[in-house]
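Notes follow the structure.
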Amino acid sequence: MSKRINAKYKIERRLGTSLWGRAKSPFNKREYGPGQHGQHHGKPTDYGTQLRAKQRLKGYYGNVSEKQLRKYYAEAIRRKGDTSENLVGILESRLDAVVYRMKFVPTVFAARQFVNHGHILVNGKKVNIPSYLVKEGDVIEVNGKAKEMALVIEAMASAERSVPDYITVDEKNMSGTFVRVPNLADIPYACQMEPNLVVEFYSR
């Protein structure tokens, strides 16, 4: 098991949930945290509950850095409307998240690497920054020979998850459009996300 995959499964066990709902997750066999004290359960404090909500959200998007999440929070406050809805909307607009949602790759970690390696075009131009924020109407496409990669072909054929309705995908051409920024209720999270608690955490 690669370090990356191992770390991914550790995140799930530490947070006590199957973050991505994958059938292969070892969390399905061991529903407790890693390490010798993993099975200890105490009553969480408000701070602890908020912290776990933040860790779940960070972990889900491929372990987004603290600095980046704080930046997204500041942007979410600046935008009109509900801050928690804005926050998940920004996270779902990340290029790696969009590539994952389009089913071009099997995991959000693979999406980050895929974008990093220059396999994605946005509106016909190569973009290799996973945190690049996609805008409504942007067309995302798998670049050239990457369309023949086994990783891509297997991910697109997988029945493990479907493409959400705020994104359209042309499977034949391996391209898709980011139709709109989603609301929390539209996002197909495999476990309960509580962005409102993340907002509370940062506004302390």
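Just to be sure before I move on: is L87 touching a helix residue (DSSP H, G or I) at 6+ places or on another chain (Cβ under 9 Å), surrounded by 15 or more Cβ atoms within 10 Å (Cβ to Cβ) and under 19 Å from V134 (Cβ atoms) in the structure I sent? Yes: the conditions hold for L87.
Pairs meeting the criteria (first residue in region 95-122 and in contact (Cβ under 8 Å) with a residue 24 or more places away in the chain, second residue of a type in the set (K, R) and crowded, with 20+ Cβ neighbours inside 10 Å, beta carbons under 8 Å, at least 6 apart or on different chains) are D96/R112; T107/K8; F109/K8. Note on region 170-204: among residues that are under 17 Å from P44 (Cβ atoms) and under 16 Å from the mean Cα position of the chain (by Cα), the one that is surrounded by the most Cβ atoms within 10 Å (Cβ to Cβ) is V198.
The set of residues in region 175-193 that are at pLDDT 95 or above and farther than 20 Å from L133 by Cα contains only A185. Selection of region 152-161 for residues being more than 14 Å from G176 (Cβ to Cβ) and either aliphatic (A, V, I, L, M) or free of Cβ contacts under 8 Å to residues at least 40 places away in the same chain (or both) yields I153, A157, A159.
State whether the residues of region 49-61 include one that is of a type in the set (A, V, I, L, M, F, W, C), surrounded by fewer than 22 Cβ atoms within 10 Å (Cβ to Cβ) and under 26 Å from S175 (Cβ atoms). Checked against the condition, which is being of a type in the set (A, V, I, L, M, F, W, C), surrounded by fewer than 22 Cβ atoms within 10 Å (Cβ to Cβ) and under 26 Å from S175 (Cβ atoms), region 49-61 yields no hits at all.
In the condition set (1) outside any helix (DSSP H, G or I); (2) open to solvent by less than 30 Å² (accessible area, probe 1.4 Å), I129 is compliant with all but (2).
A quick yes/no check of all residues on (1) in contact (Cβ under 8 Å) with a residue 24 or more places away in the chain; (2) under 14 Å from V98 (Cα atoms):
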site: V139; (1), (2): yes, yes
site: V142; (1), (2): yes, yes
site: A150; (1), (2): no, no
site: F178; (1), (2): yes, yes
site: A185; (1), (2): no, no
site: P188; (1), (2): yes, yes
site: E194; (1), (2): yes, no
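The values are calculated or read from the model by the stated rules, or taken from the named source; none is laboratory data. Because the structure is a prediction, the values reported are computed rather than measured. Note that each Cβ is placed from the backbone with ideal geometry, even for glycine, and that neighbours are counted across all protein chains shown. These area figures cover heavy atoms from the full protein model, side chains too; ligands, DNA and RNA do not enter into them. Shrake-Rupley method; radii C 1.70, N 1.55, O 1.52, S 1.80 Å.
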